[in-house]
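This report concerns only the one structure given below.
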Amino acid sequence: MAKKRVCVIGAGPCGMTALWNFAKLESDNQVDVVCYEKQKTWGGLWTYSWRTGTDGYGEPCHSGMYRHLWSNGPKECLEFPDYTFEKHFGKAIPSFPPRPVLRDYLEGRWTNNVNLKPYIRFSTVVRHVEYNERDKKFTVDITNLETDTSLKESFDYVIVATGIFNVPNIPDFPGLDTFEGRILHSHDFRDAKEFKDQRLLVVGSSYSAEDLALQCMKYGAKSAICTWRTKPMGFKWPKGIEERPLVQKFDGNIAHFKDGSSAEIDAVLLCTGYKYSFPFMEDNLRLRSTLTMFPDNTYKGLLYFMGEDSRLFYMGLQDQYYSYTMFDVEALWICKYILGKLPNEPRPLSEMKENSKEWYEKRSKLKTAHDDIDFQTAYIADLCKDTGYNPDVTKAGEMFHTWENDKDKNIATYRDQCFTSIFTGTRSPAHTAPWWQAKDDSIKAFVNKK
Ligand code: FAD
Ligand code: NAP
């Protein structure tokens, strides 16, 4: 029988783990897998670049990660069962690593006893995907950005793994046109040192707002006002950071807030999140959503409802508490589904829809971050049950609750806490300096390699 062809779009943590799982399942005699990645290398958001706006090919810059970004969750909550941090670094390391350490860890797993590079076409962007009901095949239009040549390829399955945090959501506020300082979205933020001695207005009340305000203060900003739309973050902030209701307008460099107060500021950081964006998917295949714990129109949050015989998958669509391990079990589910190795799948469409309805109902009852954590833990447990993936990964649920409580106790020190690896039982050592003082983000400094 002819081999089925599978197209993976994107070589970030999701796309890479799809390739890794296909390789581990030794599926080469059953499927022909091709991954298209628009950047020159793998890693997705974890590949740092100084660039903003457009990249060297004139394509939109993908990653909005910045120079001094550290993990905002404990590494013990994203550790692969088969490839621990201790195995990768040869020793136990602290719980909240900087970006280069996490990228190195990911790359270690992608190269440990596997060779995934032959599956990937780098510098190749997917421009369009459509489905032909007649022959049940996808046509994928790609462009090689090095040679500026395009072609069409035919596939039986498509896995979209292009991420959900790369197209910035940029609101406008009256008077911003006349504001004289720098205005930027967090996607374009690269180095906190740029804001030394400045008075900042940070719009938003989620992870980027929290981290950019803290980070800029750590590197010498004078003050930061975080302005919220729905509800304040409510942390006990270090001196210099405060929260106010939403900014309403600007008069020159004076910001006016909903509570009638005003303040003079030097720079505006719009930490206003991202848009789900899959412009390359044909209208009937395009998933549409805002940030969610379970995307509409999907089975298991993965298989897109495109009819009775769907062959289209999206990965990593959920707001992320769990990340690498969630992507890994999602990938295993998709790979096994395609290879016909899930005993209860495929099911009739009506059954799939019924199953998703239960998740939507549970989703509608979520109120707090702790509810979200339990929801995501249950989602992952469900995928573990289907696939046989190590269910111990869900022990991270308890750690996430502790982490949320640590943040509430002290937002400036939560990254100094130590957690215990689910898989090695080793408690992480403390870093040599508290996060607030630690300014060397290198692997050498963090791993404390001689
Ligand atoms: P991405 O990492 O975005 O990768 C998608 C890939 O698809 C990219 O390589 C891109 O070039 C490629 N691509 C896109 N469009 C096309 C196309 N048309 N054709 C071909 N290729 C394409 N998670 C954590 O666990 N810990 C953290 O500390 C953390 N910090 C974060 C900080 C920031 C600022 C942001 C925005 C996110 C952070 N995350 C963090 C969450 C992050 O979403 C995940 O860790 C992870 O990167 C998601 O992987 P992904 O593969 O889904 O998407
Ligand atoms: P997000 O979680 O989607 O939050 C977006 C914020 O913008 C919300 O507070 C939202 O307010 C606000 N907002 C949107 N439109 C607005 C408008 N018109 N006016 C005012 N406020 C508006 O996005 P994010 O904070 O960028 O986080 C994205 C991802 O990046 C997360 O996974 C996070 O973990 C990751 N991240 C990690 C780190 C790290 O330290 N490792 C740092 C930054 C980000 P409402 O609540 O009112 O909707």
Over segment 320-385, with the other protein chains present, what is the accessible area per residue in square angstrom, probe 1.4 angstrom? 45
Filter the GluC sites (Glu not before Pro) in segment 234-314 to those in DSSP coil with at most 10 other Cβ atoms within 10 Å of their Cβ, and list the result. 308
Find the accessible area per residue for segment 212-252; the probe is 1.4 Å, ligands and nucleic acids are left out, and the unit is Å². 47
Ignoring everything but the protein chains, give the 1.4 Å probe accessible area of residue 51 in square angstrom, nearest 10. 80
Cα gyration tensor shape for segment 1-147, rounded if a/c is under 1.5, else prolate or oblate: oblate
Of 367/407; 222/439; 40/407, pairs whose Cα-Cα distance is over 25 Å: 40/407
Averaged per residue, what accessible surface does segment 91-185 expose to a 1.4 Å probe, in Å²? 46
Report in % the part of the accessible area of segment 39-125 that belongs to carbon and sulfur, leaving out ligands and nucleic acids; probe 1.4 Å. 48
Antiparallel as a % of all DSSP beta bridges within segment 176-270, to the nearest 5? 30
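How large, in percent, is the carbon and sulfur part of the accessible surface of segment 217-262 at a probe radius of 1.4 Å?
In segment 217-262, the share of accessible area belonging to carbon and sulfur is 51 percent.
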Between residue 137 and residues 5 or more places away or on another chain, which pairs have amide H atoms under 5 Å apart, with H built 1.01 Å from N, and which residues are they? 132
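For segment 176-270, what is the charge dipole size about the Cα centre, in debye to the nearest 20, if Lys and Arg each add +1 at the Cβ and Asp and Glu each add -1 at the Cβ?
With only Lys, Arg, Asp and Glu charged at Cβ, the dipole is about 320 debye.
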Cα atoms only: what Rg and Dmax, in Å, come out for segment 176-270? 12.0, 33
Rel. contact order, % - alpha carbon contacts under 8 angstrom, at least six apart, the chain: 19
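My understanding is that a pair violates if its Cα-Cα distance is over 28 Å; which of 24/385; 4/395; 117/395 do that in this structure?
4/395; 117/395
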For a quick check of your reading of the filter: which chymotrypsin sites (Phe, Trp or Tyr not before Pro) in segment 117-187 sit in a DSSP loop and have no more than 16 other Cβ atoms within 10 Å? none
Everything considered on the Cα gyration tensor (a ≥ b ≥ c; rounded for a/c under 1.5, else prolate if a/b is larger than b/c, else oblate), segment 84-139 must be described as prolate
Over the chain: helical MRE at 222 nm, DSSP H runs n ≥ 4 each giving -39500 (n - 2.57), nearest 500: -7500 deg cm²/dmol
Cα→Cβ-extended label distance, 7 Å offset, between residue 355 and residue 137, nm: 2.9
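Taking all protein chains together and a probe of 1.4 Å, list 436, 50 from the most accessible to the least accessible.
Per-residue accessible area, sorted high to low, gives 50, 436.
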If you take every DSSP beta bridge whose two residues both sit in segment 188-334, what share of them, in percent to the nearest 5, is antiparallel? 40
Under 5 Å between amide hydrogens, which residues at least 5 positions from residue 267 or on another chain qualify, with H placed 1.01 Å from N in the peptide plane? 199, 201
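For segment 365-447, run through the trypsin sites (Lys or Arg not before Pro) and keep only the ones in DSSP coil with at most 16 other Cβ atoms within 10 Å of their Cβ. Mind dumping the intermediate values first?
Values: sites: 365, 367, 385, 395, 407, 409, 415, 427, 439, 444; in loops: 365, 367, 439.
Sites meeting the loop and neighbour criteria: 365, 367, 439.
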Kirkwood hydrodynamic radius of the chain, from inverse mean 1/r over distinct Cα pairs, in Å: 23.2
If amide H atoms are built 1.01 Å from N in the plane of the peptide, which residues on other chains or at least 5 residues away come under 5 Å of the amide H of residue 4? 32
Tell me, what % of the accessible area of segment 348-450 is carbon and sulfur with a 1.4 angstrom probe? 52
Expected field for residue 342, accessible surface area in Å² at 1.4 Å probe radius, rounded to 10, holds 10
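The values are calculated or read from the model by the stated rules, or taken from the named source; none is laboratory data. Bear in mind the structure is a predicted one, so any value in this text is a computation, not a measurement. Here Cβ is always computed from backbone atoms with ideal geometry, including for glycine, and neighbour counts include all displayed protein chains. Note: areas computed on protein heavy atoms with side chains; ligands, DNA, RNA excluded. Shrake-Rupley method; radii C 1.70, N 1.55, O 1.52, S 1.80 Å.
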